[in-house]
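Okay, structure first, notes after.
The values are calculated or read from the model by the stated rules, or taken from the named source; none is laboratory data. Fair warning: this is a prediction, and the values are worked out from it, not measured in the lab. Counting neighbours? That spans all protein chains shown, and the Cβs are built from the backbone with ideal geometry, glycine included. Quick note on the areas: whole protein, heavy atoms, side chains included, nothing else; ligands and nucleic acids left out. Shrake-Rupley method; radii C 1.70, N 1.55, O 1.52, S 1.80 Å.
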Protein chains: 2
Amino acid sequence: MLTKEIVTDRLLQLQQSICTALENEDGVGKFSTENWNRDGGGGGVTRILQQGAVIEKGGVNFSAVHGELPNSIKKELKIDDAVFFATGVSIVIHPISPLLPIIHMNVRYFELANGDYWFGGGIDLTPHYVDVADARWFHAQLKGTCDQFDLSYYPKFKKWADDYFFIAHRTETRGIGGIFFDRLTANDSIGKQKLFDFLMHLGDSFAPIYLHFMRNKRLLDFTAAQKRWQLIRRGRYVEFNLVYDKGTKFGLETSGRVESILMSLPEQANWFYNEIYAEKSAESETLKYLKKGIDWASFES
Amino acid sequence: MLTKEIVTDRLLQLQQSICTALENEDGVGKFSTENWNRDGGGGGVTRILQQGAVIEKGGVNFSAVHGELPNSIKKELKIDDAVFFATGVSIVIHPISPLLPIIHMNVRYFELANGDYWFGGGIDLTPHYVDVADARWFHAQLKGTCDQFDLSYYPKFKKWADDYFFIAHRTETRGIGGIFFDRLTANDSIGKQKLFDFLMHLGDSFAPIYLHFMRNKRLLDFTAAQKRWQLIRRGRYVEFNLVYDKGTKFGLETSGRVESILMSLPEQANWFYNEIYAEKSAESETLKYLKKGIDWASFES
């Protein structure tokens, strides 16, 4: 039987293996480790790498918290039961180079005292400059993982990511999306163990995916203008995370550890007023790709 | 009679006089001017100064918008009438030097089709390093303005600012507060014209207050460590504006012009993970003052 302890242990192993893989590829940066306890119950292990050779700031967080949900969250989740257990691994990597993408992953398990449970998670990519070959490759990896479990997953979860990672006030997606899902629970065609296998398979795909980008792009030179654009795009990332992201909101409203939750924010972000980009510039071309509904997995450039 | 046109004209004059005063004191920076229209009705004049001698990024926005309120805002304001008119001037100034404070002012007038109306606004100061003499002086200015109209205003509006400019997830105030008020409407003891006079008196106090700080602090040298701290404090400012600020939320949800609304964000902000400050350092001392309920106007250091 899949107990909370098994889920928790497996997520801790995932955190460890991802940190090791990222450290090895970075070659310079090392993850710090902070164990923290939550007043209401549970706690976590926050691991942060700052000022690496490739990674400027990256966080690989594990948490397993339990207790009573605040009313605001109960209302949002449309549940009556207030006694919850939630565990997960959350990752955000901000690279030094504007030619490398920001990446985010989250895999999580949620359980109520009444026995209801669900899995949630996703991976999405935020390139500062959209490289269509990279975008296609990234989505093909996610599709490959999904297709091993259920052919309906990728199309459904890809659309969910488009809708979720959307900066409504800018009418632009955060990046090129990926997959996102929530409230995944057993049904006639798939059991709890199999869903957990899917979650872990996704988790295990994270390091190979990001290492692929690190290896291919780490030695590329970039210009001051590209760096400036990266800082602006990071500003959009901050806007998404603080205005829309439900995980951030959940963490802040359940009195999670602020420094762990906001590890998703970049070391530096900028807001220049009303920047205008020339038509056909790399910046304008990237903006054209920041929209919903692009079929990246079979994109023909 | 105090018509919408009179209010609007007076606010436009206020915008102009503040821009002129700030430009004169800065000596280098000039305000750009963008006129914009809102799809749903109305528009505004956005004036931004970037890269001045003292001001790094400052916005002095005028807007006068009308139309139908979205349901989310109607619910928040607890009103049934959806047809609204709103006009105001909003200011945020981010200085180059960490020894100068960030300042914010907003004065606004809101009217519904059914004839209901109210005034709202406030001024608050966010020093990167709290200087208690400055904080006392600042609050004394606001108290002086309030006391000319109603002795109950300053204590009431000062507390309101403490509660409003509060970063709940950090358990710290944004800065040293100031005054904040909303839904101010005529009653037996004060008429509409008098309320508008108060609003404009407050608006007219903005330039002398900030020029006082600009003059006194512009020539002071600062260190790289102080600059770093400023960038962290600006990160907190971003957190407040994107997570809690009702004006920002109102603007984004009523499809205001994004570049105008988010002029409040600094040119650069940073998030370093888990910075720790030595006891008695200037940074730790500042953090001690970022709490509610300090009686700054009669503070004895």
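Tabulated data
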read-out	value
Residue under evaluation residue B:14, criteria (1) open to solvent by less than 10 Å² (accessible area, probe 1.4 Å); (2) outside any helix (DSSP H, G or I), criterion not met	(2)
Residues of region B:182-201 that turn out to be touching a strand residue (DSSP E or B) at 6+ places or on another chain (Cβ under 6 Å) and at negative phi, as a count	5
Any hit, region B:68-87, residues being touching a helix residue (DSSP H, G or I) at 6+ places or on another chain (Cβ under 7 Å), under 28 Å from residue B:269 (Cα atoms) and at pLDDT 95 or above	no
Residues of region B:251-282 satisfying the condition of being more than 7 Å from every other protein chain (Cβ to nearest Cβ), in a helix (DSSP H, G or I) and crowded, with 20+ Cβ neighbours inside 10 Å	B:251, B:260, B:261, B:264
Qualifying residue in region B:180-189 (condition: in contact with a Phe, Trp or Tyr (Cβ under 6 Å, 6 or more places away or on another chain), open to solvent by 10 Å² or more (accessible area, probe 1.4 Å) and β-branched (Val, Ile, Thr))	yes
Residue list for region B:48-59, filter: more than 12 Å from chain A (Cβ to nearest Cβ) and touching a strand residue (DSSP E or B) at 6+ places or on another chain (Cβ under 8 Å)	B:52, B:54, B:55
Subset of region A:42-70 (residues that are surrounded by 15 or more Cβ atoms within 10 Å (Cβ to Cβ) and either outside any strand (DSSP E or B) or among the hydrophobic types (A, V, I, L, M, F, W, C) (or both))	A:45, A:48, A:49, A:52, A:54, A:55, A:60, A:62, A:64, A:65, A:69, A:70
Residue within region A:54-64 that is modelled with pLDDT of 95 or more and more than 22 Å from the chain's Cα centre (by Cα) present	no
Boolean, residue B:236 is in contact with a helix residue (DSSP H, G or I) (Cβ under 9 Å, 6 or more places away or on another chain), away from chain A (no Cβ under 14 Å), outside any loop (DSSP other than H, G, I, E, B) and more than 30 Å from residue B:67 (Cα to Cα)	no
Subset of region A:139-180 that is touching a strand residue (DSSP E or B) at 6+ places or on another chain (Cβ under 8 Å) and among the basic types (Lys, Arg) - its residue that is farthest from residue A:293 (Cα to Cα)	A:174
Residues of region A:87-98 satisfying the condition of being open to solvent by less than 10 Å² (accessible area, probe 1.4 Å) and among the aliphatic types (A, V, I, L, M)	A:89, A:91, A:92, A:93
Pairs where the first residue, in region A:288-301, is at positive phi and charged (D, E, K, R) and the second is modelled with pLDDT of 95 or more and surrounded by 14 or more Cβ atoms within 10 Å (Cβ to Cβ), C-beta under 9 Å, 6+ apart	none
Which listed residue, of B:223, B:248, is more than 18 Å from the chain's Cα centre (by Cα) and either within 11 Å of another protein chain (Cβ to nearest Cβ) or closer than 16 Å to residue B:99 by Cβ (or both)	B:223
Meets criteria (assigned to a helix (DSSP H, G or I), at the interface with another protein chain (Cβ under 7 Å from one of its Cβ atoms) and buried (at least 22 other Cβ atoms within 10 Å of the Cβ)) for residue A:242	no
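Residue by residue, here is whether (1) over 12 Å from the mean Cα position of the chain (by Cα); (2) over 30 Å from residue B:66 (Cα atoms); (3) in contact (Cβ under 8 Å) with a residue 24 or more places away in the chain holds:
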position	(1), (2), (3)
B:106	no, no, yes
B:144	yes, yes, no
B:150	yes, yes, yes
B:154	yes, yes, yes
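Matching residues to (1) surrounded by fewer than 15 Cβ atoms within 10 Å (Cβ to Cβ); (2) under 20 Å from residue B:58 (Cβ atoms):
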| residue | (1), (2) |
| --- | --- |
| B:100 | no, yes |
| B:114 | yes, no |
| B:130 | no, no |
| B:133 | yes, no |
| B:139 | no, no |
| B:196 | no, no |
| B:208 | yes, yes |
